[in-house]
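Notes follow once the structure below has been shown.
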Amino acid sequence: MKAHVRAFPRALTVLVVVAVALVGPGCRRAVKPEAGGDRTVEAGVPVGFGSEARGAPEVTWDFGDGSPPQPGARVSHAFPRAGSFQVRALEKDEVLASATVTVVPRPVLRAMPADAEVAVFFPQLRGNVEPMVGFFARMLGQAQTRQALEDAPLLSLVLRELRGEPRLVDPEEGVGFFSLPGFAGTVALLGVTDSEAALEAVVEELRSGGARVVGREPGGAVRFERENGTPMLLFADRGYLYLVVPDSPEEGGDEEEQASGRIEKVLAQEGGTGAAEVEPIRARITGMSGPGLSEQPLLTELRPKVGAGNVHLFARAEEGDESEGIRGLWAALRVEEGKAELEGWVASDKSLFAGKSGPGSELLGKAPAGPIAALMVSMPPEEMTKLVFGAPGSERRERTLLRLKDQGFDAAGTDELLGALRGDMTLLAYFDAVAFYRNFFLGNRRPEPRGTLLFQAGLVRAEPVLGWLTGRLKERGQPYEVLKGADATRLRTRVMDQPVEFTVSADRLSVTGGELLGARPSGDLGVALRERYGGNAFEPGHVSAMVDVGRLRAELDAPKEVPGVSPQQLPVARSLVGTLMDQLPPVENVFIDFAPEEGGGRFRASAVLRERSR
């Protein structure tokens with residue numbers, strides 16, 4: 001037993017020596033720095049490395065992304081761009097800890113507050129901005145498109161990226177604009193790789209545009225004042241640059257005037273900086289956490305309704321504005337060579353058009369071929385009334401009726417007229433090139449349009465419409481001729497030196513104005529339009545329209561001879577008209593369509609461009 005007793009102090013001594021060695025300065029690396037393990041983070045968002053615990057070792061952190069090493073027991077670092085980076089904790093040349101950090105782009109929707117009411121954005125710059133710029137350059141011209149980009153402070157950085165200048169923006173992240181409740185203005189944001197350099201570049205752009213710097217935080221926000229006294233605020237947050245722009249006093253409208261009054265009051269209180277107007281917006285943005293707008297419930301619901309696009313639009317109804325049951329909308333604009341297509345969805349708690357469909361167009365069923373424009377409206381008449389004049393009892397309805405009263409219409413007569421409609425209206429426009437050139441050489445010698453307009457509206461009662469037409473002609477002092485037949489009454493007159501005939505029957509109002517259509521073949525124009533535009537356009541229940549500028553150009557180029565015009569004169573006129581047409585945007589065709597569906601309504605639009613003349 002004594003041997004065991006003597007052995008115990010020796011063992012105790014050994015344990016004490018080992019313990020002292022473990023905590024002594026000769027074994028610091030036994031308490032290792034914490035690299036945090038492999039992880040995935042978002043570009044621009046600060047990430048912590050190391051520990052704040054007592055005794056955590058001071059080391060040098062190498063983030064592997066080209067940024068300077070940073071010493072400390074606990075450090076924070078934001079990776080400026082996407083990629084995979086090896087983060088190492090170093091003591092001299094020895095690696096004490098390491099982790100692989102995978103950096104992904106920060107989605108632009110995560111950089112917008114969740115309560116944004118309207119948002120327009122490119123999901124990412126690469127692959128989206130180039131086709132959009134190309135489309136508008138083709139439509140407006142290179143110089144005008146470039147100027148528009150250069151005039152927009154944040155978008156001017158995008159233009160630098162396209163020119164291949166030193167990179168300040170992150171091509172994998174997005175650019176956009178949004179509005180917030182309670183703020184009369186817009187916030188622009190842009191993903192950047194170098195926040196300080198990007199901020200300085202925007203400061204110079206704003207200064208060159210006439211804005212004045214009125215306040216600056218070291219390495220932080222910059223406050224501006226525009227020439228009209230309106231404040232602006234520029235700042236960076238988690239890899240995005242933000243520009244807060246309140247509405248200007250001259251931007252009109254009742255709401256804008258109220259906002260301008262608030263701005264002017266703030267400017268007076270703050271000595272001209274307007275800080276009280278824009279600073280709360282910065283606080284809302286820098287203080288937000290979580291997924292931002294990207295997981296907003298309504299947006300999450302709407303996104304599957306529409307395919308992907310180069311640019312997206314999200315809007316939701318203002319708080320408490322549920323009078324029409326519209327909850328919001330989501331749309332995508334897709335652009336490719338010479339063509340832009342918009343598809344969107346309107347979400348509604350109520351059945352649009354009261355769950356009813358208007359009748360189809362009788363005019364489209366048998367109409368002359370080759371219109372340069374077409375409009376078809378098919379919806380219940382009461383919904384048509386709301387669309388045009390506003391809902392009964394609404395402020396918009398009252399304003400509309402007051403305007404009509406100023407023009408000589410009485411409210412009772414207007415309601416009676418609208419109540420006579422069946423819910424289908426169609427308008428077709430045709431161009432007559434021969435009449436155009438004849439007028440140019442033999443008439444008033446001005447390049448005035450010449451052609452034919454056809455209009456048709458279904459009626460449930462003819463008397464109010466006939467009474468309204470004759471009343472308006474008499475009030476205007478317009479000479480007209482009345483031809484009464486067994487099934488219809490015709491009113492003939494002239495408008496702008498063009499013949500116009502109104503035909504009112506028991507179930508239809510038809511209007512023909514302009515030149516005779518001559519020998520154009522007639523057929524089912526509705527079928528031809530649906531084949532061209534797809535998606536059940538120009539069918540019952542739809543609101544559809546198209547303008548065919550390509551057809552207009554073809555019509556102008558078609559005549560080889562015009563009675564009364566010499567063969568030498570016609571080519572000169574065609575060349576002159578062609579030159580005038582070339583000054584217009586090179587739009588070949590425009591189309592829009594809307595139709596209600598279960599839970600809302602779908603809308604489509606497209607624009608096709610032609611090659612500009614050299």
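Taking a point 7 Å out from the Cα of Glu301 in the direction of its Cβ, the residues of region 340-359 whose backbone N falls within less than 19 Å of it are 344-355.
Just name one of Tyr242, Ala152, Gly309: the one whose Cα is farthest towards the positive end of the charge dipole of the chain (beta-carbon charges, Lys/Arg +1, Asp/Glu -1). The listed residue farthest towards the positive side: Gly309. Please say if region 409-552 is rounded, prolate or oblate, where rounded means a/c under 1.5 for a ≥ b ≥ c the square roots of the C-alpha gyration tensor eigenvalues, and otherwise the choice is prolate for a/b larger than b/c and oblate otherwise? Oblate, because a/c is 1.5 or more while a/b does not exceed b/c. Here region 178-251 has 44 percent of its accessible surface on carbon and sulfur atoms, given a 1.4 Å probe and all protein chains in place. Candidate cross-link partners of Lys92 among the aspartates and glutamates, defined by an alpha-carbon separation under 18 Å and a same-chain spacing of 8 or more, comprise Glu34, Glu58, Asp62. Report the calculated FRET efficiency for Leu584 and Leu516 (r = Cβ-Cβ distance, R0 = 30 Å), to the nearest 0.05. Computed FRET efficiency for Leu584 and Leu516 comes out at 0.60.
Reducing region 143-211 and region 436-514 to their Cα centroids gives an inter-centroid distance of 53 Å. Out of residues 5 or more away from Val103 or on other chains, whose amide H comes under 5 Å of its own, with H placed 1.01 Å from N in the peptide plane? The answer is Val41, Gly83, Ser84, Phe85. Can you give the percent of C-alpha pairs in region 351-460 whose distance is more than 16 Å? Considering region 351-460, 69 percent of its Cα-Cα pairs are separated by more than 16 Å.
Taking amide hydrogens as placed 1.01 Å from N in the peptide plane, the amide H of Val169 sits under 5 Å from those of Thr193, each at least 5 positions away in sequence or on another chain.
Which order do you get for Met546, Met139 if you rank them by accessible area with a 1.4 Å probe, largest at the top?
Met139, Met546
Note on Arg207: accessible area approximately 110 square angstrom, rounded to 10, probe 1.4 Å, nucleic acids and ligands left out. Round to a whole number: what % of the accessible area of region 410-569 belongs to carbon and sulfur, probe 1.4 Å? Roughly 55 percent of what the probe reaches on region 410-569 is carbon or sulfur.
Counting heavy atoms of the protein chains alone, Met384 has an accessible area of about 10 Å² for a 1.4 Å probe.
Extending 7 Å from Cα along the Cβ direction at Val31 and again at Glu91 yields two label points whose distance is 1.2 nm.
Quick one: net charge of Gly541's neighbours, Cβ under 12 Å, K/R +1, D/E -1?
-3
Quick one: grab the alpha carbon gyration tensor of region 91-182, order the square roots of its eigenvalues as a ≥ b ≥ c, and give me rounded if a/c is under 1.5, else prolate or oblate depending on whether a/b is larger than b/c. Taking the square roots of the gyration eigenvalues as a ≥ b ≥ c, region 91-182 is oblate. Around Pro571, with a cut-off of 15 angstrom between Cβ atoms, what is the net charge of the other residues, counting Lys and Arg +1 and Asp and Glu -1? Local net charge: 0. Residues Lys366, Lys350 ordered from highest to lowest accessible area at a 1.4 Å probe: Lys366, Lys350.
In straight-distance terms, cross-link reach from Lys356 covers every one of the lysines whose alpha-carbon lies under 30 Å from its own, apart from those fewer than eight places away in the same chain; here that gives Lys305, Lys366, Lys386. In plain terms, if you count all Cα to Cα distances in region 331-383 and split them into 10 Å steps from zero, the share in each step is 17, 28, 36, 20, 0 percent. The candidates Ser248, Ser510, arranged from most to least accessible area with a 1.4 Å probe in the full protein assembly, appear as Ser510, Ser248.
Accessible area per residue of region 62-147 at 1.4 Å probe, in Å²? Don't jump to the answer; show the numbers that get you there.
Working: 3940 Å² over 86 residues.
With all protein chains present, region 62-147 gives 46 Å² per residue.
For the chain, the convex hull drawn through the C-alpha positions has a volume of 243 cubic angstrom per residue. Spacing of the modelled spin labels on Lys356 and Asn228, each 7 Å from Cα toward Cβ, amounts to 4.4 nm.
A 1.4 Å probe, protein heavy atoms only, puts the accessible area of Glu301 near 90 Å². Using bins of 10 Å that start at zero, the share of Cα-Cα pairs per bin across region 426-499 amounts to 15, 37, 32, 15, 2, in whole %.
Computed over region 525-614, the percent of Cα pairs more than 17 Å apart is 61. Near Arg126: Cβ cut-off under 13 Å, other residues only, Lys/Arg at +1 and Asp/Glu at -1. The net charge is -3.
The values are calculated or read from the model by the stated rules, or taken from the named source; none is laboratory data. From a predicted model like this one, the values you see are computed outputs, not experimental measurements. All Cβ positions, even for glycine, are placed from backbone atoms using ideal geometry, and neighbour counts span all protein chains on display. With ligands, DNA and RNA removed, areas are computed over all heavy atoms of the protein, side chains included. Shrake-Rupley method; radii C 1.70, N 1.55, O 1.52, S 1.80 Å.
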